[in-house]
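K.L.:
What follows is a single structure, and I will ask about it in a moment.
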Amino acid sequence: MSASTLAETGRLERVVVKHAREAFVSDEACGREWAPLNFSAAPALARAIEEYEAFLGILRHAGAQVDFLPADDRTNLDSIYVRDASILCARGVILGRMGKRLRAGEPAAQKAAFRRMGVPVVGEITEPGCLEGGDVVWLDDRTVAAGHGYRTNEDGILQLRSILADSIDDLIVVPLPHWRGPGDVLHLMSLISPVDSDLAVVYSPLLPVPFRQQLLELGYTLVEVPAEEFDTMGTNVLALGPRECVMIAGNPRTRAALERAGASVTEYAGGEISVKGAGGPTCLTRPLARAPARQG
């Protein structure tokens, strides 16, 4: 993994996903699982597969190698949001421990799949720690931010710090707000998506002041998501490369602000695969390799 960068904005070279076909399984499973998992409605499988194929096309067009997690009896609808069960580091992947109890089987399922892929698993978060990948944002190869909220606790962050050890210079702990409570999903990546080394999409009303100030001190220009586009996941933007990104259709003001900042934006329809489960393009992907930015 040393030939790639950990920063969320390097050119995406390899990514792990779980197809809607394998995560959602059947309309019967969708009908049975959506309410306990706090989806807004049951996904329609045929439409979800269609949306997912279009999303895959965007990843492949960007030049990324796409690896797939298989269907697994230990997982449910939420497993389509592959980022949350693992965290990337310089030596391989670290398995999380889910703060959402109904997702408890996902790290073990990913562990088995990573072994088959030849991806090294270099650590695991263990009880009483909880850590979900949606709460972990690499700002550069030596700086990582971790959200402390209902899905990621203090013990999980301490374990992450121990596993990363001297491979990092700074682990920034970002206290997350209560917002709509423990039953809802609010990860750090619900509030910030870096799209270049000096550009990030943010929802400032819920960002802690010290972290927002730190981003400015680090040289970031902040693309502010308006309130009406927060619930439609305008803040959830996946960088395919520096200032090249993909986002859910239906956030025109955020898209326009990104384009004014010099970013190119590709949209996908995510009514079934994203909106109903509150998981945008960053949630749908576990990047494994990104190319460092060219120097010069």
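The values are calculated or read from the model by the stated rules, or taken from the named source; none is laboratory data. All of these numbers come straight from a predicted model, not from anything done at the bench. Counting neighbours? That spans all protein chains shown, and the Cβs are built from the backbone with ideal geometry, glycine included. When the accessible area is computed, the model is the full protein with side chains, heavy atoms only, and any ligands, DNA or RNA have been set aside. Shrake-Rupley method; radii C 1.70, N 1.55, O 1.52, S 1.80 Å.
K.L.:
Specify the residue that is farthest from Ile163 (Cα to Cα); the eligible residues are those in region 101-131 that are part of a strand (DSSP E or B) and open to solvent by 30 Å² or more (accessible area, probe 1.4 Å).
P.N.:
Residue satisfying both the conditions and the ranking: Val121.
K.L.:
Are any residues in region 164-202 open to solvent by less than 60 Å² (accessible area, probe 1.4 Å), in contact with a strand residue (DSSP E or B) (Cβ under 8 Å, 6 or more places away or on another chain) and of a type in the set (Val, Ile, Thr), and if so, which ones?
P.N.:
Selection gives Ile168, Ile172, Val174, Ile192, Val195, Val201, Val202.
K.L.:
Here is a follow-up. Collect the residues in region 277-291 that are in contact with a Gly (Cβ under 9 Å, 6 or more places away or on another chain) and either under 23 Å from Ala44 (Cβ atoms) or polar (S, T, N, Q) (or both), keeping them in residue-number order.
P.N.:
Of everything in region 277-291, those that are in contact with a Gly (Cβ under 9 Å, 6 or more places away or on another chain) and either under 23 Å from Ala44 (Cβ atoms) or polar (S, T, N, Q) (or both) turn out to be Gly279, Gly280, Pro281, Thr282, Cys283, Leu284.
K.L.:
Quick check on my filter: what residues within region 159-169 are free of Cβ contacts under 8 Å to residues at least 60 places away in the same chain and either under 24 Å from Arg212 (Cβ atoms) or hydroxyl-bearing (Ser, Thr, Tyr) (or both)? Walk me through how you get there before you give the answer.
P.N.:
Here is the first cut: in region 159-169, the ones free of Cβ contacts under 8 Å to residues at least 60 places away in the same chain are 159, 161-162, 165-166, 168-169.
Within region 159-169, Arg161, Ser162, Ile168, Asp169 qualify.
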